[in-house]
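First the structure, in the form of structure tokens, and then the observations on it.
The values are calculated or read from the model by the stated rules, or taken from the named source; none is laboratory data. This is a predicted model, so every value here is computed, not measured. Cβ sites come from the backbone with ideal geometry, for glycine too, and all protein chains shown count toward neighbours. Ligands, DNA and RNA are stripped out before the accessible areas are found, and what is left, the full protein with its side chains, is counted by its heavy atoms. Shrake-Rupley method; radii C 1.70, N 1.55, O 1.52, S 1.80 Å.
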Amino acid sequence: METQRPRHIDLGVNVDHVATVRQARRTTEPDPVIAAALAEQGGADGITFHLREDRRHIQDRDVELLMQTVRVRTNFELACADEVLSICCRLKPDWALLVPESREEVTTEGGLDVAGDNGRIRDAVARIRDAGILTSLFLDPEPKQIDAAIAMGVDAVELHTGPYAVADRHRVDTELQRLTQVGHQITAAGLRLHAGHGLTYHNVRAVAVIEGIAELNIGHSIVSRAVMVGMKEAVAEMRRILDQCSVAVGG
Ligand SMILES: CC(=O)[C@@H](O)[C@H](O)COP(=O)(O)O
Ligand SMILES: NCC(=O)COP(=O)(O)O
């Protein structure tokens, strides 16, 4: 019997918080562009960057240079806002991930409300697709949101793993069940299943082994580890964990 190759789980490394350290002094280092190159050397399958409307971390200069230098997949995160949509459609990354944003948030707090969309998300998806870019939506693991995303014709859904990441031991299994259930809903519809937010070296395994997971986007934890061991090694450590998970789940 042909042995099944372990399912490769793509690792998207988000370099936002390299820029957070730089922006703390409004200076030139550390540079997220250099961090992205080191992440590639460490085994990143993709580089993720979030050009927020408030520019609190990633700057326009970062995005322009990342698009010129990144040799793996580029994943441009943005809100459904005309200014950043125009930049994204001009630069044509491999992927665009639409996320909600609010000025007051410390970090992304929830998923997009696709089910309640008034046309703003739909129009943003259309602009991105017309630019020849693969589209993904950052969603809470709620069946009605997934149904709406499928109807919108996007290429992937990135499940918000924040509630799982902060769940206590009484809640964590429930959050994993939510992710698993809507994960089946997503893959059954033929969309790629991505996940991210709050994943760490300690909590990533339970998400990585969810059936159908094709990509995990991880940033804050890798950057935190990189402060101690360097970006290339921090990424390599996360790559090894995901490879162990791939073997564990078999095909
Ligand atoms: C959507 C998501 O979880 C992250 O990719 C996002 O970038 C988090 O926002 P900050 O990077 O501003 O924390
Ligand atoms: N979309 C999730 C992402 O890119 C990274 O989120 P985090 O690991 O920084 O919380």
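Apply the membrane-span-like helix rule to the chain: whole DSSP H runs, Cα extent along the own long axis of at least 18 Å, mean Kyte-Doolittle hydropathy at least 0.0. List the helices found. If you can, show how the numbers build up before the last one.
Values: long enough: 172-188 (24 Å, -0.32); 231-249 (27 Å, 0.26).
In the chain, the long hydrophobic H runs are 231-249.
Take the solvent-accessible surface of the protein heavy atoms, probe 1.4 Å, and return the percent of it on the chain that carbon and sulfur atoms account for. Provide the component values of the computation, followed by the final result.
Values: 5840 of 11530 Å².
With neighbouring chains kept in place, the figure for the chain is 51 percent.
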Spherically averaged projected area of segment 148-251 from its Cα convex hull (nm²): 7.1
What share of all Cα pairs of the chain, in percent, falls into each consecutive 10 Å distance bin? 7, 32, 38, 19, 2, 0
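Counting only other residues whose beta carbon sits under 11 Å from that of residue 18, what net charge do I get with K and R as +1, D and E as -1? Write down the numbers at each step before the final one.
Values: positive: 22; negative: 16, 29, 31, 62.
That sum, taken over residues with Cβ under 11 Å, equals -3.
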As a percent rounded to 5, the proportion of antiparallel DSSP bridges among beta bridges in segment 10-250 is 0
What's the ranking of 116-122, 93-99 by average number of surrounding C-beta atoms within 10 Å, highest first? 93-99, 116-122
When the chain is treated as a Gaussian network with springs between alpha carbons less than 10 Å apart, the largest mean-square fluctuation among 47, 87, 222 is found at 87
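Might you tell me the accessible area per residue for the chain, computed with a 1.4 Å probe and given in Å²?
On the way: 11530 Å² over 251 residues.
In whole numbers, the chain has 46 Å² accessible per residue.
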Using only the alpha-carbon atoms, what does segment 1-65 span along each of its principal axes? Please give whole angstrom values in decreasing order. 59, 23, 19
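For n ≥ 4 DSSP H runs only, could you compute -39500 (n - 2.57) per run for the chain, divide by its residues and tell me the 222 nm figure to the nearest 500? Display every interim value, and only then the final one.
Values: 11 runs with 116 residues, N = 251.
Here the helix-only value at 222 nm equals -14000 deg cm²/dmol.
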Rounded to whole Å and ordered largest first, report the semi-axes of the equivalent ellipsoid of segment 72-203 derived from its Cα gyration tensor (root of 5λ). 25, 16, 14
